[in-house]
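This report concerns only the one structure given below.
Since every read-out is calculated from the coordinates, none of them should be taken as a lab result. Note that this is a predicted model, so its numbers are computed, not measured. When we count neighbours, we look across all protein chains shown, and the Cβ atoms used for this are built from the backbone with ideal geometry, even at glycine.
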Amino acid sequence: MSSKHSNWALIYTVVESIPYGRVATYGQVAHLAGLPGHARQVGYALHATPDDLEIPWHRVINSRGEVSARSEPMFESIQQQLLESEGVLFAATGRVNLKRFRWNPDE
DNA sequence: GCAGTGACTAGTA
DNA sequence: ATACTAGCCACTG
């Protein structure tokens, strides 16, 4: 966590607004936070997100519609399980149909 | 300040 | 469809 105020707060705000049962991509979150091109930073911020903050980090996936690999592979299955519990369907390939489940803020 | 790193992405083959 | 590449940019040591 950065010592001074950072853009992570903006990222958290966007992630918190992702509706139940919907997903958003890292690039999408960065864009909505007014930080285009900061997709990697979104992932970094979520990785550093304290668990006590009730942020739906699991609703953020990559542009291919799949759960991004991380240092702790255990959390990948946890993330998928959380999404499935919200009704987000995973194909046999382990990918989500973004056409169907990606959050559209304009709705 | 510089180099390494990463829960990324779009492009190319 | 997958695999690899270059670009990306804040954070860290």
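When Lys and Arg each count +1 and Asp and Glu each count -1, what net charge do the other residues less than 13 Å away from A:Ser77, Cβ to Cβ, add up to?
Values: positive: A:Arg70; negative: A:Glu66, A:Glu72, A:Glu76, A:Glu84.
Result for the local shell: -3.
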Label-point gap, in nm, between A:Ser71 and A:Leu53 - each point 7 angstrom along Cα→Cβ: 1.8 nm
Starting from the Cα of A:Glu107, step 7 Å toward the Cβ, then list every residue of the range A:23-38 with an amide N under 14 Å from that point. A:23-25
Between the DSSP loop rule and a limit of at most 11 other Cβ atoms within 10 Å, which GluC sites (Glu not before Pro) in the range A:16-102 are left? A:Glu54
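State, as an integer percentage, the relative contact order of chain A based on alpha-carbon contacts under 8 Å between residues 6 or more apart.
Values: 118 pairs, mean separation 31.1, N = 107.
Across chain A, relative contact order equals 29 percent.
Against the globular-protein guess of 2.2 N^0.38 Å, express the Cα radius of gyration of chain A as a ratio, rounded to two decimals.
Values: Rg = 13.2 Å, N = 107, 2.2 N^0.38 = 13.0 Å.
Expressed relative to 2.2 N^0.38 Å, the Cα Rg reads 1.01.
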Helix-only [θ] at 222 nm, chain A, -39500 (n - 2.57) per DSSP H run of 4+, per residue, nearest 500, equals -10500 deg cm²/dmol
Write out the trypsin sites (Lys or Arg not before Pro) in the range A:1-85 meeting two conditions: DSSP loop, and at most 15 other Cβ atoms within 10 Å of their Cβ. A:Lys4, A:Arg64, A:Arg70
Please report A:Tyr26, A:Tyr12, A:Tyr20 as a ranked list, fewest other C-beta atoms within 10 angstrom at the top and most at the bottom. A:Tyr20, A:Tyr12, A:Tyr26
Please build a GNM for chain A, connecting alpha carbons under 10 Å apart, and tell me which residue among A:Ile11, A:Ile55, A:Ile78 fluctuates the most. A:Ile78
Using a basic spin-label model with each label point 7 Å from the Cα along Cα→Cβ, how many nm lie between A:Leu35 and A:Asn97? 3.2 nm
